[in-house]
Amino acid sequence: MTTLAIDDMLATYPADLGRVDRERLARCIEECAACAQACTACADACLSEPSVAELTTCIRTDLDCADICEATGRVLSRHTGYDANVTRAQLRACATVCGACADECARHADSHEHCRVCAEACRRCERACDELLASLG
C-alpha cells in the first residue's frame, strides 16, 4: 500500500483516532508492507542461490519477519475497538524480528545483494516501529 493510500484511508476513518501520530502511523504501516515484500523476495532469492544450505537461517528469519510485518500492518490498520496494549506488543514484536532479520541478512550482504537490500528494509521498519511505539507513550 502506498503512503497516499494509507493517508487516504486514515483520513476517511469515521471516528477520532485519538492522540495517535498519523504521520508515524502511516509511515509504520508503509514500512511494514515494504519490509514484508523485501523479506519474502529475499527468502525466495536465497532459495535460488547455489549455497542455499548455508542460508537456511536467513530464509527462516526472512519468512518470520515477513509474516510479522504483514500482521503488524494489518493490526495498525484497524482502529475500531483499539487496544493500546495489543498494539504496543505487536510493535515490539515487529521491531524485534526486524532487528534480528537485519542482523542475519547483514551477515550475507557482502555476498548477496538481495540480503543487503533486505537488511536495509528491515532497519527502516524497525525504526518506524520504535518511533511509533515511542509516540504512543
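The values are calculated or read from the model by the stated rules, or taken from the named source; none is laboratory data. What you see is a predicted model, and the numbers here were worked out from it, not measured in a lab. FYI the Cβ positions are ideal-geometry reconstructions off the backbone, even for glycines, and counts take in every protein chain you see. The area values use the complete protein model at the heavy-atom level, side chains included, leaving out ligands, DNA and RNA. Shrake-Rupley method; radii C 1.70, N 1.55, O 1.52, S 1.80 Å.
The table below lists the values:
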{"read-out": "Accessible area expressed per residue, the chain, with surrounding protein chains retained (probe 1.4 Å, Å²)", "value": "54"}
{"read-out": "Carbon and sulfur %, accessible surface of the chain computed with the full protein complex present, 1.4 Å", "value": "53"}
{"read-out": "Rel. contact order, % - alpha carbon contacts under 8 angstrom, at least six apart, the range 55-112", "value": "54"}
{"read-out": "Size of electric dipole in the range 93-135: Cβ of Lys, Arg +1 and of Asp, Glu -1, about Cα centre, debye, nearest 20", "value": "40"}
{"read-out": "Only Lys, Arg (+1) and Asp, Glu (-1) charged, at Cβ; the range 33-107 dipole about Cα centre in debye", "value": "400"}
{"read-out": "Estimated dipole of the chain in Debye, rounded to 20 [Cβ of Lys and Arg +1, of Asp and Glu -1, Cα centre]", "value": "440"}
{"read-out": "Contour minus Cα-Cα distance for ARG74 and THR96 (0.36 nm per residue)", "value": "6.2 nm"}
{"read-out": "Crossing angle, helix 56-77 versus the chain [Cα axis fit, 0-90 degrees, rounded to tens]", "value": "10"}
{"read-out": "Trypsin sites (Lys or Arg not before Pro) lying in DSSP loop within the range 46-137, provided at most 12 other Cβ fall within 10 Å", "value": "ARG78"}
{"read-out": "Net lengthening on full extension, ASP83/ALA109 (0.36 nm per residue, minus Cα-Cα)", "value": "5.6 nm"}
{"read-out": "Cα-based shape type of the range 3-137, given that a ≥ b ≥ c are square roots of the gyration tensor eigenvalues and the cut on a/c is 1.5", "value": "prolate"}
